[in-house]
Amino acid sequence: MIRRNILVTGGAGFIGSHVVELLTEKYPHYHIVTLDKLTYAGNLANISEAMKRPNHTFIEGDITDSTLVERIFAEHSIDGVMHLAAESHVDRSISAPLVFAHNNIVGTLTLLEAARKAWAGNYADKRFHHISTDEVYGALDMDGGKFTEASRYEPHSPYSASKASSDHFVRAYHDTYGLPTVITNCSNNYGERQYPEKLIPLFIYNIVNRRPLPVYGTGCNIRDWLYVGDHARALDMVFHNGADGATYNIGGDNEWTNIALIKRLIGIVDSELGRNEGESESLITHIEDRAGHDLRYAIDSTKLQQELGWRPAMSFDEGLRRTVRWYLDNMAWAEESLKRNGD
């Protein structure tokens, strides 16, 4: 068996924690190094099982710290990177675009440069996997079409612009230096351990506490939803088997308008809490639409499915129910997370 030393950035965050837990369990002969700054969205409790395993090392630190990153590559003989660390909340990017540019662009460039120096042209069995978003493609018409790997980049928010820029740097390092890279762009993730600022965990928390459910505009914006466990499986497949220099889109083939999703979520939470189904719809509050709010995202995962055999396994109804039950069973986690950030 080939031993890999994989650096997972942002591994204590939402998607990253699912990747770290999967890798440490599935590949006991690997050494997984988690690098996380433990900002408001990172939490060591997210990787509690991995922290107990002998094939895992946690390092608290910043991906923009070139001295630290280069030391990690040297001390742990890193031969693979799964780069998930990023500022990811669109609303926060609108109020703090420079933070997003620094962390998402400079952070990615710092990792790329560390990999280039450490591997020094010896690229056999090396891989730099950059995890990105469908938001780099902009918006789709409401009446059809999906993003493919050939879709034009048209980012509309500071967040998506920062991710688009980091994608381009990854491709530039592949084209210029021959660095063995792969990029994945995914649709909206949902599931356990997501910081309660994103739609699904925020609304679960607010429904439980009978707080307003703020809906941008009419709520008719459409998103494609992907269960985080399915995403982690896809990332595992792409890291190990994806073509060098390739891009793969990862989607749930699961489009919902925001308002329809919210009403479905209300029905599940009300039922779990023993309330009358739909009782909490009275909490819905329509607010002014977000600046640059894209109307619709949808991902075409045909390439990933045909080349690597990946399919989303979790039905949306079961995934939502699992997610709701997890948050209801872990409200103390949500409370502690919000308290740490002052939210």
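For 98, 235, 338, which order do you get if you count the other beta carbons within 10 Å of each Cβ and list the fewest first?
98, 338, 235
Per DSSP H run of n ≥ 4, the term is -39500 (n - 2.57); total these for the chain, divide by its residue number, and report the mean residue ellipticity at 222 nm rounded to 500 deg cm²/dmol.
-12500 deg cm²/dmol
How high is the relative contact order of the chain? Use alpha-carbon pairs under 8 Å, at least six apart in sequence, and give a whole percent.
18 percent.
If each residue's Cβ is checked for other Cβ atoms within 10 Å, how do 210, 290 rank with the fewest at the top?
Taking fewest neighbouring Cβ atoms as first place, the list is 210, 290.
Using the Karplus equation 6.51 cos²θ - 1.76 cosθ + 1.60 (θ = phi - 60°), what ³J(HN,Hα) coupling, rounded to whole Hz, does each residue of the range 67-84 give in order, writing x for Gly and Pro?
4, 5, 4, 5, 5, 4, 4, 6, 5, 10, 6, 4, 10, x, 10, 10, 9, 10
Between the alpha-carbon centers of the range 65-111 and the range 126-175, tell me the distance in whole angstrom.
17 Å
State whether the range 37-132 is rounded, prolate or oblate according to the following rule on the C-alpha gyration tensor (a ≥ b ≥ c being the square roots of its eigenvalues): a/c under 1.5 gives rounded; otherwise a/b larger than b/c gives prolate, and the remaining case gives oblate.
Judged from the Cα gyration tensor, the range 37-132 comes out oblate (a/c at least 1.5, b/c at or above a/b).
Classify the range 238-326 from the C-alpha gyration tensor, please: rounded if a/c falls under 1.5, else prolate or oblate depending on whether a/b exceeds b/c.
Oblate is the answer for the range 238-326, as a/c is 1.5 or above yet b/c matches or exceeds a/b.
Answer rounded, prolate or oblate for the range 1-79, using the Cα gyration tensor with square roots of eigenvalues a ≥ b ≥ c: rounded when a/c is under 1.5, else prolate when a/b is larger than b/c, else oblate.
It comes out oblate by the Cα gyration axes.
Over the range 28-118, what relative contact order in percent results from Cα pairs under 8 Å that are six or more residues apart?
30 percent
Compute the distance from the alpha-carbon center of the range 230-269 to that of the range 281-304, in whole Å.
14 Å
Find the percent of Cα-Cα distances in the range 117-262 that exceed 22 Å, and round it to a whole number.
So the portion of pairs separated by more than 22 Å is 48 percent.
How big is Rg to Rh over the chain, alpha-carbon atoms, Rh as the Kirkwood inverse-mean-distance radius?
Across the chain, the Cα-based Rg/Rh ratio is 0.95.
Each reported figure results from applying straightforward, stated rules to the coordinates on display, with no laboratory input. These numbers come from a predicted model, not from an experiment. Glycine gets a Cβ as well: all are built from the backbone with ideal geometry, and neighbour counts include every protein chain shown.
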